[in-house]
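The values are calculated or read from the model by the stated rules, or taken from the named source; none is laboratory data. All values reported here derive from a predicted model rather than from experimental measurement. Note that we place each Cβ from the backbone using ideal geometry, even for glycine, and neighbour counts take in every protein chain shown.
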Amino acid sequence: MAALQFLTILPVRRGFTSEQIGRAAAAWFPIVGIIIGLILVGLHYVLHLLLPAGLVNALLLVALVILSGSLHLDGLADTIDGMAGHRTPEQRLEIMSDSRIGGIGAVGLFLFLILEYVALNSIPEKWLPYTLLVAPAVSRWAMVNAIFTYPYAKPAGSGKAFKEGVSWKVFLPATLVALLVAVVLFQVAGLVIIAGAWVTITLAALYFKRSLHGLTGDTYGAINEIATVTVFMVVSALAFNHWLL
């Protein structure tokens, strides 16, 4: 319930504190991703009966944003604003803490959404439901990986409770769930999908760490979005090259 409260707008029990969410929720992030994926798959099958594929895929991305309360896109936009230009880590963190989105963040967010749509739209119909299920699970695992692996950049903040609550006992189950979903749905290609997501989020996290001396809640959201579009792109590339069985 704590993970659902934090990651979705679904009507579940509310009122968990940041400390409770940080201690209890992270291990369940990939499970919440699966729940989100199941909703998207259901929408895909219903909408596909009524609308052309391109429009359906656009609506699926809208649904994904709505289901997550645009939480991760907000983090992505703030991160893009903070990373732009030549600034000190302190200046970057100050910019990212501003709730207003800047021009660079808006442009970056727009381009990112275009990339997500084109990548999703290029996935063959046969593999689209599997992708809709795997992408939210892997991207939520990506956040757990980033929280566990890299230091936190600020003495306080929205992500501090998660950093303090994520240990091996949280990281390992989350990783196993993401691996299991990917391998069950895509067999050996599932390992390629996980590996592709890990490479991109590692590169992003290392860049954020160098720029900020650590990660923040905003960068966790950015890593979620980076992992999502990576899954779309890897599945699209595998299908295009006839490497999916």
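Considering 78, 74, the condition of being over 14 Å from the mean Cα position of the chain (by Cα), closer than 17 Å to residue 146 by Cβ and among the acidic types (Asp, Glu) is satisfied by 78 alone. Only a single item in (1) over 21 Å from residue 199 (Cα atoms); (2) among the hydrophobic types (A, V, I, L, M, F, W, C); (3) in contact with an Asp or Glu (Cβ under 7 Å, 6 or more places away or on another chain); (4) touching a residue at least 40 places away in the same chain (Cβ under 8 Å) is not met by residue 95, and it is number (4). For residue 154, the conditions (1) over 25 Å from residue 39 (Cα atoms); (2) of a type outside the set (Asp, Glu); (3) in a helix (DSSP H, G or I) are fulfilled apart from (3).
Does any residue of segment 117-133 turn out to be within 16 Å of the chain's Cα centre (by Cα), closer than 24 Å to residue 212 by Cβ and modelled with pLDDT of 95 or more? No, every residue in segment 117-133 fails to be within 16 Å of the chain's Cα centre (by Cα), closer than 24 Å to residue 212 by Cβ and modelled with pLDDT of 95 or more.
Could you pull out the residue among 206, 179, 238 that is surrounded by fewer than 24 Cβ atoms within 10 Å (Cβ to Cβ), within 19 Å of residue 75 (Cβ to Cβ), at pLDDT 95 or above and more than 15 Å from the chain's Cα centre (by Cα)? First the steps, then the outcome.
On the way: 179 fails: within 19 Å of residue 75 (Cβ to Cβ); 238 fails: within 19 Å of residue 75 (Cβ to Cβ).
So the residue among 206, 179, 238 that is surrounded by fewer than 24 Cβ atoms within 10 Å (Cβ to Cβ), within 19 Å of residue 75 (Cβ to Cβ), at pLDDT 95 or above and more than 15 Å from the chain's Cα centre (by Cα) is 206.
Among the conditions (1) β-branched (Val, Ile, Thr); (2) more than 20 Å from residue 211 (Cα to Cα); (3) crowded, with 16+ Cβ neighbours inside 10 Å, the only one that residue 66 does not satisfy is (3).
Output yes when any residue across segment 17-30 is assigned to a loop (DSSP other than H, G, I, E, B) and either modelled with pLDDT of 90 or more or not aliphatic (A, V, I, L, M) (or both), and no when none is.
So the first thing to find is which residues in segment 17-30 are assigned to a loop (DSSP other than H, G, I, E, B), and the list is 17, 25.
Filter again for either modelled with pLDDT of 90 or more or not aliphatic (A, V, I, L, M) (or both), leaving 17.
Yes, there is a match, as at least one residue in segment 17-30 is assigned to a loop (DSSP other than H, G, I, E, B) and either modelled with pLDDT of 90 or more or not aliphatic (A, V, I, L, M) (or both).
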